[in-house]
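Read through the structure below, which is laid out as structure tokens, and then see the notes.
Only the coordinates and a few stated rules stand behind these numbers; no lab work does. Worth saying up front: this structure is predicted, and the values here are computed from it rather than measured. Here the Cβ positions follow ideal geometry from the backbone for every residue, glycine too, while neighbour counts run over all protein chains shown.
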2 protein chains.
Amino acid sequence: MMNGAKALLRTLEACGVEICFANPGTSEMQLVAAIGDSDKVRPVLCLFEGVVTGAADGYGRMSDKPAVTLLHLGSGFSNGMANLHNAKRAKSPIVNIVGDHASYHLQYDAPLTSDLPALADWASDWMKVAGSPDDLSSLIAEAVQAATSGNGGIATLVVPADHAWNDVREIVVPQSVDGFVKPPVEGVIGQAAEMLQTGKNTVLFVSGAALLETNLEHLGSIAEITGADIVCATFPGRLQRGTGRVPVRRLPYFAEQAGEVLAAYEQMILIGATVPVSFFAYPGKSSCLVPDNCRIITLAEVDQDITAAVTGLADRLGVTTPAAIRRSRAVPDINYTTLNPQVVGRIINKYMPENTIVSDEGVTCGLAIFAETESAESHDWLTLTGGAIGQGLPLAFGASLACPDRKVIALQADGSAMYTVQALWSIAREEADVTVVLFNNRSYAILNIELARVGAGTPNAKTLSMLDLSNPDINFQALSESMGITSWRVDTVENFETRFRDAMQTRGPRFIEVMV
Amino acid sequence: MMNGAKALLRTLEACGVEICFANPGTSEMQLVAAIGDSDKVRPVLCLFEGVVTGAADGYGRMSDKPAVTLLHLGSGFSNGMANLHNAKRAKSPIVNIVGDHASYHLQYDAPLTSDLPALADWASDWMKVAGSPDDLSSLIAEAVQAATSGNGGIATLVVPADHAWNDVREIVVPQSVDGFVKPPVEGVIGQAAEMLQTGKNTVLFVSGAALLETNLEHLGSIAEITGADIVCATFPGRLQRGTGRVPVRRLPYFAEQAGEVLAAYEQMILIGATVPVSFFAYPGKSSCLVPDNCRIITLAEVDQDITAAVTGLADRLGVTTPAAIRRSRAVPDINYTTLNPQVVGRIINKYMPENTIVSDEGVTCGLAIFAETESAESHDWLTLTGGAIGQGLPLAFGASLACPDRKVIALQADGSAMYTVQALWSIAREEADVTVVLFNNRSYAILNIELARVGAGTPNAKTLSMLDLSNPDINFQALSESMGITSWRVDTVENFETRFRDAMQTRGPRFIEVMV
């Protein structure tokens, strides 16, 4: 016979799962041993659960199959919840396996005991607790199906330790189970087509799979023949852009600017996106960014089949020719006088190779890089979908493991880097082809802006100390080196260019601290 | 008029709150400004929420008043939950103030939206959501009362951003409100006294406030005249020990050893402790560590007035003389051949000054240090109460801010250090008098032991890779230096002695990486 843990692994293998990001503890030791015995599932140790879940998100966004995580009890799970929040918003397929105390042990309220099922339920789209060793095979198959349903989701299986270590009665390995996705509503496609033919100012407000290259080509053609604009959500999970791609305007972060972009539209068609709203509320300002008189319809909800909706709409409109408007390759001039995000963006544009993946947690610095890389080689841009900072480094790591032949660039603000900086160790260990570009401005710069925007008055020194990362200044180069990554600190444009160019031409982890 | 945030701060000041560990975001900017304007509440920035809550725990354990935390929405709160779990088990008084989106903004499901009240409720002993600006004063006073009731607890107030920025209608600052604690049950005191006079093998199984010096003196006297033994919980929040103190046996971590310690007892009297159980379950082993035939009574529950129970029992037994058996000062011989936890413990014994506070997250290495410091100068020993690793550095930091005139030593394992290593920056910034002794054994050593104990078979290399912290080896000295702390790496006994002695004689942050 085999124990529950081994039966679970057999099923994961049958479902095609290939990777497990892990930060296990005592209650998961049987699962650890079962993973060690598997020749199909690769275990990847991360030194903090926020790295585990962020890496699973990066893998999930760039892969057609879910990553598995292995987490330890309620406290370990809670450490991973912030990046699960981002993953949920990104619709990443993730299967969490969380060990709990042995079922009979819970009643004793040992120190690590907590109500894990309630917590897992809070954070997940699907959650079940195994009731026996025999449950594990069928439930993990169900979890994989749940994670790959809709456009992806968070499935969490709680595994009491005794069910992992006790033998199953019979070995039943379910076959691979496919997720399902709701088809687009036929009537809505016709409605959208009619709206596009009215000649009114119309915006296609898009996110999710609508931002993948082939869907963008359809949308580009639709826009060209109907005069509609394409605007994407401020924080999409994955945007395919750059040379040869159909250009998409990204909705600005600040509500005033976003409102200006949307002010002129009479009609909005949502495709894999929800109605755009302000990221935060501000005194006296509206939360909804769409003009009052704008007519809004949903062509595809975030959980629906977005590709079918887009192609259905193209068919209905008789669009057959490929989009004509594509980005052309262009490298903006580089001004060598001052090292700032803009020039960093231009150098990134110049050197990043085709098919690069960018994990953008650059926050205030990231905006300029995004603007400067529109005409870079074709690439995927991954954003902070849920706003829970500490995503950037783990996401880059996971994306790199999903796409080992592609260069990954992590644009990283200093403040948010410190939430999950342990990711650097895993990047080094797995020799992931990730180049981190860290912007050291010694500040939560965004919060200094927000402080003014919420009308909190003129801040005093004590107030500002809560938004300030100086005293002491963090030496990120040394921090990164301490975890085994070749690292540089640069404070001139020339030095950044030299180091970045080298990083693009060399395989493996690199870290560049940019003093801005 | 004043806004809700300022009204809240006025009340916190009236309640005597002196410190706020903060990691704020946009939705807390009005609270940040109000804290900046307060001349009584000291803001302390931490770079990750797990540091915020761990520091609040350390402060709470060593102070007679609660620390306040300032956290950002559901994701920020979730990042702090692991150390709140530990704090809850330690009965630390903590008041969490968590900003949420403006009340009217929640309906729009902006990216950072989540069900914060449900999450806060899960993690707290008391939780309320403010319904208006006028609520904030009375609710924060209630939160302080809740946090200081029983023997301390976690109170969480959710503050929607609009209630912080809108004006209150009238300023009502509640006066300081004291918590309350359930008195001991009179009948149980008599029962315990009778049990102690039967001559049967009896153990006083103690935790919480029973481990403070004066209570231990009563317990020591009781033990001496009745022949009972004193054994404390494996992971107490705060144990006062060392020279001049009444010795207490600590229940071993491993269930087999703990079972042996308790095997001979016919009677157990619980004082501020619950029935001892195995930390984890293991196949074929009992969860409860108390012999089947042992009679157990509870003199004081964890939430009851433990001091009143202890003194009540002493009175009932007619104990008036102070305990005779106290630890004497003794420095064990130091063997200079091999640097290991035992010799590190002996050197710590030799040099640590009176009144030191020890934060012990040394895990496998911590056990030897504990054993070797029984006869050190008097000190407080703080343990990992809830088993959620990542407590050690933040706890040491918070304890140091509560007791700025006392030396703090953080005994830190390498694996657990990486969960909240950002604490080092706050230690440096606040110039906290903390000496970190980090044991670098390049391994989750405890998990290698547990792997064998759960009967998971002979591990292969792939399995062991999930428990291994080498490849790359982390350079903790460089890591600590990168955050502004004077740091050393030592690999000989002589070097450790030199550096540790210097650290004990110098005020301010020091970090010693011990290669073991």
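General observations
- The Rg/Rh ratio for segment B:372-439, using Cα coordinates for both the radius of gyration and the Kirkwood hydrodynamic radius, is 0.95.
- All C-alpha to C-alpha distances of segment A:1-82, sorted into 10 Å bins beginning at zero, yield P(r) values of 19, 51, 28, 2 percent in whole numbers.
- Dipole size of segment A:341-515 about its Cα centre, with +1 on Lys/Arg Cβ and -1 on Asp/Glu Cβ: approximately 220 debye, rounded to the nearest 20.
- Under the convention that each Lys and Arg Cβ holds +1 and each Asp and Glu Cβ holds -1, the size of the dipole of segment B:436-516 around its Cα centre is about 160 debye.
- Value of D in µm² per second that Stokes-Einstein yields for segment B:216-281, Kirkwood Rh from Cα pairs, at 37 °C (0.692 mPa s): 253 µm²/s
- Estimated FRET transfer efficiency when R0 is 56 angstrom, pair B:Asp333-A:Asn448 (beta carbons, to 0.05): 0.50
- Radius of gyration, Dmax [segment B:4-165; alpha carbons; angstrom]: 13.8, 43
- Averaged over the residues of peptide B:425-431, the number of Cβ atoms from other protein chains lying within 10 Å of each residue's Cβ is 2.
- Cα gyration tensor shape of segment A:341-515, rounded if a/c is under 1.5, else prolate or oblate by comparing a/b with b/c: prolate
- With the gyration tensor restricted to C-alpha atoms of segment B:186-316, the semi-axes of the equivalent ellipsoid amount to 23, 17, 13 Å, longest first.
- Magnitude of the charge dipole, the protein assembly as shown, Cβ model with Lys/Arg +1 and Asp/Glu -1, debye to 20: 960 debye
- Number of Lys pairs (Cα under 20 Å; 8 or more positions apart or on different chains) in chain B: 11
- The residue among B:Ser207, B:Thr373, B:Ser482 whose Cα reaches farthest toward the positive pole of the charge dipole of chain B, with charges on the beta-carbon of Lys, Arg, Asp and Glu, is B:Thr373.
- For B:Ile409, distant residues with modelled amide H under 5 Å away: B:Ile357, B:Val358, B:Ser359, B:Thr435
- Förster radius 22 Å - calculated FRET efficiency between B:Glu266 and B:Glu186, Cβ distance, rounded to 0.05: 0.35
- Segment A:390-435 and segment B:224-242 have Cα centres separated by 47 Å.
- Chain A: relative contact order in percent, alpha carbon pairs under 8 Å with at least 6 residues between: 14 percent
- MRE, 222 nm, helices only [DSSP H, n ≥ 4, -39500 (n - 2.57), over the protein assembly as shown, to nearest 500]: -11000 deg cm²/dmol
- Segment B:276-307-segment A:347-362 distance, computed between alpha-carbon centres (Å): 57 Å
- DSSP finds beta bridges in the protein assembly as shown, and of those with both partners inside it, around 10 percent are antiparallel.
- With kT/(6 pi eta Rh) evaluated at 37 °C and eta = 0.692 mPa s, and Rh the Kirkwood radius from Cα pairs, chain B diffuses with a coefficient of 137 µm²/s according to Stokes-Einstein.
- Pair B:Ile296, A:Ser470: separation of 7 Å Cα→Cβ label points (nm): 5.8 nm
- Each of B:Gly58, B:Thr364, B:His72 was scored by the projection of its Cα onto the charge dipole of chain B, and the greatest displacement toward the positive side belongs to B:Thr364; charges sit on the C-beta of Lys, Arg, Asp and Glu.
- Farthest toward positive dipole pole in the protein assembly as shown [+1 Lys/Arg, -1 Asp/Glu at C-beta], among B:Thr506, A:Ala399, A:Ala228: B:Thr506
- Nearest-0.05 FRET efficiency for B:Asp405 and A:Asn460, computed from C-beta distance (R0 25 Å): 0.30
- Three principal axis extents describe the C-alpha atoms of the protein assembly as shown; from largest down they are 96, 73, 54 Å.
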